[in-house]
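Report on one structure; see the data block that follows.
The values are calculated or read from the model by the stated rules, or taken from the named source; none is laboratory data. From a predicted model like this one, the values you see are computed outputs, not experimental measurements. Ideal geometry is used to build each Cβ from the backbone, glycine not excepted, and the neighbour counts take in all protein chains shown. Accessible surface is based on the protein model in full, side chains and every heavy atom, while ligands, DNA and RNA are left aside. Shrake-Rupley method; radii C 1.70, N 1.55, O 1.52, S 1.80 Å.
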Amino acid sequence: MAVFMESCFFISLCLTMFAGKSSGATVPAIYVFGDSLLDSGNNNFLQTHAKSNYTPYGIDLPGEPTGRFTNGATGGDFIAQLLGLPHPPAYLSLSEASRKITTTGINYASGGSGILSETGTILTIYKLGGRKFVVYGLGALGCLPIVIASANPKPTTLCVEDVNNLINIYNNGLPIMLQRLASRLQGFTFVQADLFSLGYDQFQDPVKFGYADGRTPCCDFGVSGMCIPGQNPCSDRDDRLFYDAIHPVQLVNYQFAGDCFSGNSRCTPINIKQLALKQS
């Protein structure tokens, strides 16, 4: 795998691409690292309560629930499609033999993983050959239904702004860290994806973004914020922002991926398409 990573493209809480071309794709491979926003089934194979391999998750994908924490595809899936690649399979879903011959990318994301040094580092990836990175900032966690529902005292604003203020400390420091890495690491190129402003703006005025309901999840959820197993989700999934009390619906993932791929408002200093075409 390290052979391909020299020109690879990584997405997430880190996404990495290969810069070469293969079979008509913009890049030959994509490697995904992150949490439940990008997990495509790795947690199915781990001893954890953070699993989504049951209905109503995956209701808009063919077959059985895959372990994605939404009704359909993740942002990583959609970015792979836009690059001309198949959805990267979950690492733990592959046999040892399959891992050795899978050359279009792999998804290592795991629901519940974190941003601390103990749970992941861009330098763990750069040394293996990764050069092109899409790095997500943290989303507007203070606007998640589960955070609002569990807040005590109840917020007087639409979101729990104390939580968002903490998130912004991290997000404000992220571009400084990325610029520092770019100056220190030869060939390191990045796109910073701004999840916070989109999520916050959508929650404040969902109708402006084409959603009738930005506050009510599509499924009934338990204390964890996850969908209660076996229920029928809402039928107006494309009109909601949230599928459960934590994760967005597939349409939100699709729209963000499209904007980040070819737009200029959510991903900076260049978009993903420009990153893919950039010479290493």
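Looking across region 128-138, the residues that are open to solvent by less than 20 Å² (accessible area, probe 1.4 Å) and not basic (Lys, Arg) come down to 129, 130, 133, 134, 135, 136, 137. In region 29-55, the residue that is surrounded by the most Cβ atoms within 10 Å (Cβ to Cβ) out of those that are free of Cβ contacts under 8 Å to residues at least 60 places away in the same chain and outside any loop (DSSP other than H, G, I, E, B) is 44. Within region 92-118, restricting attention to residues that are surrounded by 20 or more Cβ atoms within 10 Å (Cβ to Cβ) and not polar (S, T, N, Q), the residue that is farthest from residue 44 (Cα to Cα) is 105.
Against the definition (at negative phi, open to solvent by 50 Å² or more (accessible area, probe 1.4 Å) and of a type outside the set (Ser, Thr, Tyr)), how does residue 144 come out, yes or no? Here the answer is no, as residue 144 does not meet what is asked. Restricting the search to region 80-94, which residues are in a loop (DSSP other than H, G, I, E, B) and either under 17 Å from residue 65 (Cα atoms) or in contact (Cβ under 8 Å) with a residue 24 or more places away in the chain (or both)? Hits for region 80-94 are 83, 84, 85, 87, 88, 89, 94.
Just name the residue that is surrounded by the fewest Cβ atoms within 10 Å (Cβ to Cβ) out of those in region 204-220 that are touching a Phe, Trp or Tyr at 6+ places or on another chain (Cβ under 9 Å) and of a type outside the set (D, E, K, R). My answer is 216.
Within region 232-249, the residues that satisfy the criterion of being touching a Phe, Trp or Tyr at 6+ places or on another chain (Cβ under 8 Å), surrounded by 24 or more Cβ atoms within 10 Å (Cβ to Cβ) and not in a loop (DSSP other than H, G, I, E, B) are 240, 248. Scan region 156-169 and give yes if some residue there is of a type in the set (Ser, Thr, Tyr) and under 19 Å from the mean Cα position of the chain (by Cα), otherwise no. The answer is no, given that none of the residues of region 156-169 is of a type in the set (Ser, Thr, Tyr) and under 19 Å from the mean Cα position of the chain (by Cα). Looking across region 62-79, the residues that are open to solvent by less than 40 Å² (accessible area, probe 1.4 Å) and in a loop (DSSP other than H, G, I, E, B) come down to 65, 67, 68, 69, 70, 71, 72, 73, 74.
Screening residue 186 on (1) assigned to a helix (DSSP H, G or I); (2) among the polar types (S, T, N, Q); (3) open to solvent by 70 Å² or more (accessible area, probe 1.4 Å) shows it passes everything except condition (1).
Considering region 148-187 alone, what residues qualify as being touching a Phe, Trp or Tyr at 6+ places or on another chain (Cβ under 6 Å) and under 17 Å from residue 123 (Cβ atoms)? I'd like the intermediate steps shown before the answer.
Narrowing region 148-187 to residues touching a Phe, Trp or Tyr at 6+ places or on another chain (Cβ under 6 Å): 171, 178, 181-182, 185.
Matches in region 148-187: 178, 181, 182, 185.
Quick check, is residue 125 open to solvent by less than 20 Å² (accessible area, probe 1.4 Å), touching a residue at least 60 places away in the same chain (Cβ under 8 Å), in a helix (DSSP H, G or I) and more than 26 Å from residue 234 (Cβ to Cβ)?
yes
Taking the numbered list (1) closer than 17 Å to residue 198 by Cα; (2) assigned to a loop (DSSP other than H, G, I, E, B); (3) touching a residue at least 40 places away in the same chain (Cβ under 8 Å) in turn, residue 258 passes all entries but (2).
Residue 84 falls short on exactly one of the conditions (1) at pLDDT below 85; (2) more than 16 Å from the chain's Cα centre (by Cα); (3) surrounded by 16 or more Cβ atoms within 10 Å (Cβ to Cβ), and that condition is (1).
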